[in-house]
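Student: Pasting a structure here, questions to come.
The values are calculated or read from the model by the stated rules, or taken from the named source; none is laboratory data. Owing to the predicted nature of the structure, the values given are computational and were not obtained by experimental measurement. Every residue, glycine among them, receives a Cβ derived from its backbone with ideal geometry; neighbour counts consider all protein chains shown. Heads up: the accessible areas ignore ligands, DNA and RNA and are worked out on the full protein's heavy atoms, side chains in. Shrake-Rupley method; radii C 1.70, N 1.55, O 1.52, S 1.80 Å.
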Amino acid sequence: LDDWQLGATYRMDDRDSDWTLVELDDAPDPEWEGAWAGWDRGGATTSGAVAIHHPGTDEKAISFENDPTTVTDAYSNRADSSGTHVRVDDWDLGTTEGGSSGSPLFDTDHRVIGTLTGGDAACGNDAPDWYGRLYSAWDASGSSSGRLSDWLDPLGTGQTTLDTFAPSITGVRISPVTGWSGSGAQGGPFASDSEAWQLQNNDDVERS
């Protein structure tokens, strides 16, 4: 597997919400077709959640919570709207394990709202997990080394959400079915006489 790279620079951390942010030293190769996860700093509870992580350092896994999340402090079961963490009561499909810490929690709109601090969830139980709130880390301190806002909104736009950004896989691609391949701008032209094409629209937008 060649889709990897080394090197990152520390940018910020907030101990209360258990957040640390680093920035890659180099942009990933566009041919890897990577995507940057979106985020939501609004702080509202969600009707469900999804975790993507490496449980027990195994292959990447996904876990689903179908019930509403709760805002609490770390390892607390008491709801508190000013709390530093998002509590997942129990995973309905899949689970986290040791090694999952630091992985993102996504809301139902596929935006990051927290990173895993810890919990007792594991195979065979219904124990909760706690995720440090992106909301809490956004303006956590008065300096750029202690808050996310300077790095995720460096222009100070004040926006509350950002959707997933996939710069290398937008537009239209035509893949080979009978040995031919080609690509072009959205809407073409594609110069080919092939009769067997597979057309994939990578944008989450209807186009006429």
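Student: For residue 69, what is the net charge nearby, where nearby means another residue's Cβ is under 9 Å from its Cβ and Lys, Arg count +1, Asp, Glu -1?
Tutor: In short, -3.
Student: Once you order the gyration tensor axes a ≥ b ≥ c over the Cα atoms, which shape class does segment 27-178 get: rounded for a/c under 1.5, otherwise prolate or oblate by comparing a/b with b/c? Present the calculation step by step, with values, prior to reporting the outcome.
Tutor: Working: a/c = 2.01, a/b = 1.20, b/c = 1.68.
Oblate.
Student: Another question about this same structure. Rank these by accessible area, largest first, 1.4 Å probe: 106, 64, 165. Could the numbers behind the result be given before it?
Tutor: Numbers: 106 30, 64 70, 165 115 Å².
Greatest to least solvent exposure: 165, 64, 106.
Student: Over segment 1-76, average the accessible area per residue using a 1.4 Å probe and give it in Å², no decimals.
Tutor: Working: 4980 Å² over 76 residues.
Accessible area per residue: 66 Å².
Student: Ok, one more. Short version: ³J(HN,Hα) in whole Hz for each residue of segment 83-98, in order, from phi by Karplus 6.51 cos²θ - 1.76 cosθ + 1.60 (θ = phi - 60°), x for Gly and Pro, what are they?
Tutor: Listing the rounded values in order: x, 9, 9, 9, 9, 9, 4, 6, 7, 7, 9, x, 6, 8, 8, x Hz.
Student: What is the set of long-range amide H partners of residue 133 at a cut-off below 5 Å, with H atoms built 1.01 Å from backbone N?
Tutor: Long-range HN contacts for residue 133: 85, 86.
Student: Can I ask one more? Please give the solvent-accessible surface of residue 88 in Å², to the nearest 10, using a probe radius of 1.4 Å with every protein chain present.
Tutor: Surface open to solvent at residue 88 totals about 0 Å².
Student: Given a 1.4 angstrom probe, I'd like the percentage of the accessible area of segment 24-172 that is carbon and sulfur, rounded to a whole number.
Tutor: Values: 3850 of 7660 Å².
Carbon with sulfur: 50 percent of the solvent-accessible area.
Student: Taking amide hydrogens as modeled 1.01 Å from N in the peptide plane, which residues meet the under 5 Å criterion relative to residue 141, leaving out close sequence neighbours?
Tutor: For residue 141, whose amide H was placed from the backbone, the distant partners under 5 Å are 147.
Student: Just to verify a number: FRET efficiency for residue 9 and residue 75, C-beta to C-beta distance, R0 = 30 Å, to 0.05?
Tutor: Numbers: r = 31 Å, r/R0 = 1.02.
According to the calculation, E is roughly 0.45.
Student: How do 81-87, 133-139 rank on mean C-beta neighbours within 10 Å, highest first?
Tutor: Values: 81-87: 21.1, 133-139: 23.0.
Taking the mean over residues of other Cβ atoms within 10 Å, the ranking is 133-139, 81-87.
Student: May I ask for the net charge around residue 137, where only other residues with Cβ less than 15 Å from the Cβ of residue 137 are counted and Lys, Arg are +1 while Asp, Glu are -1? Display every interim value, and only then the final one.
Tutor: Details: positive: 11, 15, 41, 111, 133, 147; negative: 13, 14, 16, 18, 40, 73, 139, 150, 153.
Value of the local net charge: -3.
Student: Using a 1.4 angstrom probe on the protein heavy atoms only, line up 47, 149 by accessible area, largest first.
Tutor: Working: 47 75, 149 20 Å².
Sorted descending by solvent-accessible area, the residues read 47, 149.
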